[in-house]
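Written below as structure tokens is the structure these notes are about.
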Amino acid sequence: MSSKETAHSPQEVIEKAKNKLLRDSHEKNFQVLYERLNTEQKQAVDTIEGPVMVVAGPGTGKTQVLAMRVASILKKTQARPSNILCLTFTDSASINMRERLSRLMGSEAYRVAIHTFHSFCTDIIQKYPEFFYKGATLRAADTVTKYGVIEKIIESLPYDADLRSYHPDQGYTYMYDVIQIISHIKKAGLTVAD
């Protein structure tokens, strides 16, 4: 055996082969998806330096384009997955982004920071509370607290209000609906003015 050759255990050889197969599979998946993109989408994926804004309607491939851009940056540069931050508006978009990245990059996708704007800001406030006035002491309400607040609001409504409908075993009939509607309003980004 020459000085440049090294002995590898069978497990190491198998592991290297599996990793190569996974990389090849991810690369092939990337190429297939890349070929399906239109010219503007390819430009967004191929742009390595600086920000890119992708504006399009629902279901037009924005998340796919951004996931492919992240994969492209990691493939073409020295950047590490932990150097990338992806911000979304909703939890479902974060999950969707992670799944798409995983199909393009495998387990490395879990090293990319993917957050909603809200969770990213909360994370920053919790990591650096000394820079925030009282914001660091605030926490998102848990489910029990949310139900308690909504219940008090419903109880304060006039007795004949539809939302005060009450079932002896289940409590306020519209409690779940109210919480779901509030969640949808938040996801839509609506304000009091809207």
Review point. Roughly speaking, to the nearest percent, how much of the chain's 1.4 Å accessible area is carbon and sulfur?
Key: 57
Review point. Ser102 to Glu35: extension gain in nm, 0.36 nm per residue of separation minus the Cα-Cα distance?
Key: 22.2 nm
**Study point:** For Tyr166, distant residues with modelled amide H under 5 Å away
**Key:** Thr173
Review point. Picking from Glu130, Glu27, Glu99, which is most flexible by a Gaussian network model of the chain using Cα springs under 10 Å?
Key: Glu130
Practice item. Counting only chymotrypsin sites (Phe, Trp or Tyr not before Pro) that are in a DSSP loop and have at most 13 other C-beta atoms within 10 Å, tell me the longest site-free stretch of the chain. Key: 1-132
Revision key, fill the gap. SASA check, Lys152, accessible area w/ 1.4 Å probe, all protein chains in place, rounded to nearest 10 Å², comes out at 150
Study note, to complete from the structure: the chain, Gaussian network, Cα under 10 Å: of His184, His167, His26, the residue fluctuating most is His167
**Study point:** Long pairs among Lys127/Lys186; Lys146/Lys186; Lys146/Lys187; Lys42/Lys75; Lys152/Lys187, criterion Cα-Cα beyond 21 Å
**Key:** Lys127/Lys186; Lys152/Lys187
**Study point:** Probe 1.4 Å, protein heavy atoms only - accessible area per residue of the chain in square angstrom
**Key:** 75
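The values are calculated or read from the model by the stated rules, or taken from the named source; none is laboratory data. All values derive from a computational prediction rather than experimental measurement. Cβ sites come from the backbone with ideal geometry, for glycine too, and all protein chains shown count toward neighbours. Keep in mind that these areas ignore ligands, DNA and RNA; they rest on the heavy atoms of the full protein, side chains included. Shrake-Rupley method; radii C 1.70, N 1.55, O 1.52, S 1.80 Å.
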